[in-house]
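Every read-out reported here was derived from the displayed coordinates using simple, explicitly stated rules and does not represent laboratory data. Remember, predicted model here, so these are calculated numbers, not experimental data. Note that each Cβ is placed from the backbone with ideal geometry, even for glycine, and that neighbours are counted across all protein chains shown.
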Amino acid sequence: MKTKVTIILVAGFVASLFYLTVLAQTEEKKPQLFAVSEDIVYPSKFMEYEAGVKKWLDFYAKYKFPHPVTVYRTDDYRYYFLIPIEKLSDIDDFEKYFDEVKKKAGKEIEELEKLFDGTYESTTFGVVVLRTDLSYSPEKPRVKAEDINFIWWNYYYIKVGEEKEAEEIAKEWQALWKSKKIADYFNVYQPILWSDLPAMVAAGGAKSEADYYSHMEKNIEKMGAEFVALSKKTMDGCRKYEQRTGTILRELSYVPPKK
């Protein structure tokens, strides 16, 4: 775990200038930063992996890890761990935490890390910004946050040099959903420290897979020809596009103990 944090710290300064640019673009609405870890888990080992994550949660609670952690799982067994931070330098807190805890925990950390041996293929670490200025929230959401169990992610790998155009397209999507009074939401995340940049990720949720597809079909009907035209415009600016679906793992997420 300490090694994971160190990787982010070493690479963090590379993202700082880009982050300042994003911050300037979103100054009207304060952007939310997230430290993110993505583990690609072997399908045959996902139960062992999740059991290990549960042990880590118990460890966090025992040693009072001060940051909340939200965990998501895609249908192809990618696990995302999102930790909200205010600035890149906040990641220093992770390093300090593990330095201090290692003195108290002794071999407990080593034993926990062994639980993950052979369960995952790779890990990626980075930082993303929730672009509230590009996201969409309906006045009356169709589904309450606590009832969302199905999550979708659209990954847009933008052509180099067309980042500004991509932002304008995101605003067009925002305006289109608003004009049609779509009752579902979407969030736009911009990775600032990750692989295969530039990119943007749009994400949303529903009660279930069936709930998502049935209502998305209705939403597309509402948007009509504008949906088709804007979809074409979006893909024209992409090097690559991927979509994944999955769920939020509330039972594996972590809320810090109250002080």
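Data table
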| item | result |
| --- | --- |
| Extension reserve of the Thr124-Lys103 stretch, reckoned as 0.36 nm per residue once the Cα distance is removed | 4.9 nm |
| Length gained when the stretch His67-Glu226 is fully extended (0.36 nm per residue, less Cα-Cα span) | 53.1 nm |
| Cα long-axis angle, helix 46-62 against the chain (0 to 90 degrees, to the nearest 10) | 70 degrees |
| The chain, relative contact order in percent, only Cα pairs under 8 angstrom and at least six apart counted | 29 percent |
| Integer Hz, Karplus 6.51/-1.76/1.60 couplings in order for segment 138-151, x for Gly and Pro | x, 5, 10, x, 5, 10, 5, 4, 6, 9, 7, 10, 9, 10 |
| Given charges at beta-carbon only (K, R positive; D, E negative), |dipole| of segment 131-246 in Debye | 200 debye |
| Computed lengthening from Ser208 to Ser137, 0.36 nm per intervening residue step minus Cα-Cα distance | 23.7 nm |
| Between helix 2-25 and the chain: long-axis angle, C-alpha atoms, 0 to 90°, nearest 10 | 30 degrees |
| C-alpha long axis of helix 163-179 to longest principal axis of the chain, angle in ° | 70 degrees |
| Straight-distance crosslink candidates among lysines, where the alpha carbon sits under 24 Å from Lys62 and sequence neighbours closer than 8 are dropped | Lys2, Lys4, Lys54, Lys96, Lys102, Lys103, Lys104, Lys107, Lys114, Lys258, Lys259 |
